[in-house]
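The block underneath contains the structure these notes are about, expressed in structure tokens.
Values quoted throughout were computed directly from the atomic coordinates according to the rules given, and no laboratory measurement underlies them. These numbers come from a predicted model, not from an experiment. Cβ sites come from the backbone with ideal geometry, for glycine too, and all protein chains shown count toward neighbours.
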Amino acid sequence: MDIFLQQIINGLVQGSVYALVALGYTMVYGILGLINFAHGEVVMAGAMLALSALTALISWGVAPLLALPVSLILAMAGCMLLGFGIERIAYRPLRHAPRLAPLITAIGVSIVLQNLAMMIWGRDYHAFPQLIKNQPHYVGGAIINDIQIIIVIMAVVIMAGLMIVVHRTSLGRAMRAVAENQHAAQLMGVDVNRVISITFMLGSALAAVAGLMVSANYGLAHYYMGFLLGLKAFTAAVLGGIGNLRGAMLGGLLLGLIESLGAGYIGPLTNGFMGSQYQDVFAFFVLIAVLVFRPSGLLGERLAERA
Amino acid sequence: MFIRTALLLTMLALAGCGKTASDQAAASGEQVIRIGSVAPLTGPQAHLGKDNENGTRMAIEDANAKGIVIGGKKVHFELISEDDQADPKTATIVAQKLADNKVSGVIGHLNSGTTIPAAKIYSDNGIPQISPSATAVSYTHQGFKTAFRVMANDAQQGHALGMYAVKNLGVKRIAVIDDRTAYGQGLADEFIKAAHAAGADIVSHEYTSDKSVDFTAVLTAVKGKQPELLFYGGMDAQGGPMARQIKALALNVKYMMGDGGRTPEFIKLAGDAANGVYASLPGVPLDKMPGGETFATRFVAKYQPIQLYAPYCYDAVNVMIAAMQKADSADPAKYLPALAGISYDGITAKIQFDVNGDLKAGNVTLYQVQQGKWQALETVQ
């Protein structure tokens, strides 16, 4: 039982990170119909920026517990700038081009960012300093530590905040209007370019938070870390119904749980015929199954809600 | 407009740099010998790949400084470095590229998974290949006359690790995780064979990938089987975070890896979970070999701390050049027999190849992290 509970906790922690990153994919898709493949690299940039800021602040003698939020804010600011720049330079000139063009640009941006990061931060893995004491807590035989608790709580708070922004503010209304119909929104006096820029910046800020979480949890940052994470989060977004905010959250958590339960139980369930090497296959199998029966994802049909 | 002008200027500037070392060497009447080096220079194992490239480069620069004469002509060695991204598909593409470039020999690849498919291309083109680090047994057992390695293979290494775990550490219940690459899987299989033969039980065998960072799910599954020792067949980039997660899950086991984990990077990534971890490295510790200490000092001064295989790359280049000198030719067909029959005192081992191209005496040394440093425990034959 404690092993089962532990797998649930593992899945929830991993899923929270997927959900945060998936939100970035889904927000951009909701508004532009564009899959921003560079989003994983923004997560990486967030982790790297936070790490650099943290190292600098600590070497200047700032208390670790103060340095952590400050470097998070700096990383968020840096990523917002990055997100703004990506949209402005790589996507805006192609907004009316055929759909394939911005998709290819997105992959290009991803490669450029990866290589830039390799030039700036080098090929080495960077160890993330352990600032929080990371006390383990026992919950019914399973273990959850401080960082993991913070990850889950922060993810929930941020997602709730985002829902409020999208549904309760005038900015959110503008976002929903642009998602619905760009031209009509423009005719109603919505500054479409501004809304799109803000969407990219919001998504990038979430990516920065996710980046910091991942590197604090696993204790490492690397210029390549965004690739797999981006891919998984994209899968999560599709699973939940891309373009739908709640779908991204649901998809993220679900993917995290599927992965950890799959890795833990696929061996015993198939009597050793399939082992944990099928962890990813299992996740993608669920994705295919969902898409066969619900082509627009789990929550995909609520188009009016997308942002 | 400004951006376009800037782009144009950059392209012109880049085009201006096109004059290569071979042009310069050709101008001064030297014979140019191209040596290829392949390792992952991008991706998760880029830090190891760069280390390999640096080791190869240093050997080539040393050889050029010596002013070696082959076939009555002064020669200039030129390094052509390629990136295989630790990916078997890319490996065959860059291997073909090197063959098209008419290299006289290849140092590489780094991973077993890339070295094995590339070996066929080198063999087809008659190009001698020395891998500094591919340890999978099958690499040299494909029947290619051109494939060599300067490191003990997984059968030797897995055996040493398995015996050490059971005989010296006295564990009975063992769990194994591997990363499903040719290297990780091969080493894990050999380890299991040896541990089994020595009388231990393999209570769990789980899997991950060479790109993962989260192992909590498989570690939790392992925890349910209550092993005394966990062996991971894979590289440092996964092994380090795994050590942390073992500690975070309060999984009370001894933790052991092969050569892929015996790096300074591992200690950095594992943090305070690194202490007590076991790993192996083929060969004898550098400070016990003649010339090893000097190499280490020079390498660190020139590049950065040795990650893992740089000394093996250095040896691989030197043994290749020694064979060329012995045959008095850089023509692969002529120096290949000399390479097969060579006896060379390297900085990692005395290099002599058996019929397959494996090292004749493959030593393996076991290490443990003590006070944040890798300390040699013992060397076994």
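Values computed for the structure shown
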| read-out | value |
| --- | --- |
| Shielding score for B:221-228, defined as the mean number of other chain Cβ atoms within 10 Å | 3 |
| Top of B:M151, B:M257, B:M163 by mean-square fluctuation, Gaussian network on chain B, Cα under 10 Å | B:M163 |
| Förster-model FRET efficiency, 60 Å R0, A:V165 and B:R173, C-beta, rounded to 0.05 | 0.70 |
| Rg and Dmax of chain B, Cα atoms only, in Å | 21.6, 74 |
| Residue of A:G203, A:G219, A:G251 that the Gaussian network model of chain A assigns the largest fluctuation, springs spanning Cα pairs under 10 Å | A:G219 |
| Across B:K288/B:K326; B:K50/B:K225; B:K74/B:K97, pairs whose alpha-carbon gap is larger than 31 Å | B:K50/B:K225 |
| Under Karplus coefficients 6.51, -1.76 and 1.60, residue-wise ³J(HN,Hα) of the stretch A:284-294 in Hz, glycine/proline x | 6, 4, 4, 4, 4, 4, 5, 5, 5, 8, 10 |
| Linear extension gain, B:N252 paired with B:D287, 0.36 nm per residue minus alpha-carbon span | 9.3 nm |
| Dipole in debye (nearest 20) - the protein assembly as shown, about Cα centre, beta carbon charges: Lys, Arg +1; Asp, Glu -1 | 1040 debye |
| Whole-Å distance, taken between Cα centres, linking the stretch B:66-122 and the stretch A:72-150 | 35 Å |
| Gain on full stretching of the segment that runs from B:Q226 to B:K89 - 0.36 nm per residue minus C-alpha separation | 45.5 nm |
| Proxy reagent accessibility, fewest Cβ within 10 Å first, across B:R262, A:R99, B:R149, A:R88 | A:R99, A:R88, B:R262, B:R149 |
| Degrees between helix B:236-248 axis and first principal axis of chain B (Cα, 0 to 90, nearest 10) | 20 degrees |
| Unit charges on C-beta of K, R, D, E only; dipole of the stretch B:255-381, Debye | 180 debye |
| Amide proton proximity set for B:E78, modelled H, under 5 Å, gap of 5+ | B:I33, B:R34, B:I35 |
| Net dipole in debye of the stretch A:166-254 [+1 Lys, Arg Cβ; -1 Asp, Glu Cβ; about Cα centre; nearest 20] | 160 debye |
| Distance from the stretch A:207-255 to the stretch B:133-177 (C-alpha centre basis), Å | 37 Å |
| Residue-averaged beta-carbon neighbours from other chains (10 angstrom radius) around A:264-276 | 3 |
| For B:K145, B:K102, order by how many other beta-carbon atoms lie within 10 Å, fewest first | B:K102, B:K145 |
| Loop trypsin sites (Lys or Arg not before Pro), the stretch B:301-363, which have at most 16 other Cβ atoms in a 10 Å radius of their Cβ (DSSP) | B:K360 |
| Column: log10 I(q)/I(0), Debye, Cα scatterers of the protein assembly as shown, q = 0.08 Å⁻¹ | -0.67 |
| Phi to ³J(HN,Hα) by Karplus 6.51 cos²θ - 1.76 cosθ + 1.60 over the stretch B:186-192, Hz, x for Gly, Pro | x, 5, 4, 5, 5, 4, 4 |
| Angle between chain B longest axis and helix B:310-327 axis [Cα atoms, degrees, rounded to 10] | 40 degrees |
| Farthest toward positive dipole pole in chain B [+1 Lys/Arg, -1 Asp/Glu at C-beta], among B:N101, B:G143, B:S280 | B:S280 |
| For B:I70, residues with placed amide H under 5 Å, excluding near neighbours | B:V75 |
| B:S131 long-range amide H proximity, modeled H, under 5 Å | B:G108, B:F148, B:R149, B:V150 |
| Helix B:292-302 axis, angle to chain B major axis (alpha carbon atoms, nearest 10°) | 70 degrees |
| Value of Rg to Rh for the stretch A:3-306 (Rh from inverse mean 1/r over Cα pairs, i.e. Kirkwood) | 0.98 |
| Under 14 Å from the A:D2 label point (7 Å along Cα→beta-carbon), backbone N, the stretch A:139-173 | A:139-144 |
| Residue-averaged [θ]222 nm for chain A, counting only DSSP H segments that reach four residues, each worth -39500 (n - 2.57) | -24500 deg cm²/dmol |
| Exposed chymotrypsin sites (Phe, Trp or Tyr not before Pro) absent: longest stretch of chain A, with sites in DSSP loops and at most 13 other Cβ within 10 Å deemed exposed | A:61-272 |
| Whole-Hz ³J(HN,Hα) from phi, Karplus 6.51 cos²θ - 1.76 cosθ + 1.60, for the stretch B:78-88, glycine and proline x | 10, 8, 10, 9, 10, 10, 9, 6, 6, 10, x |
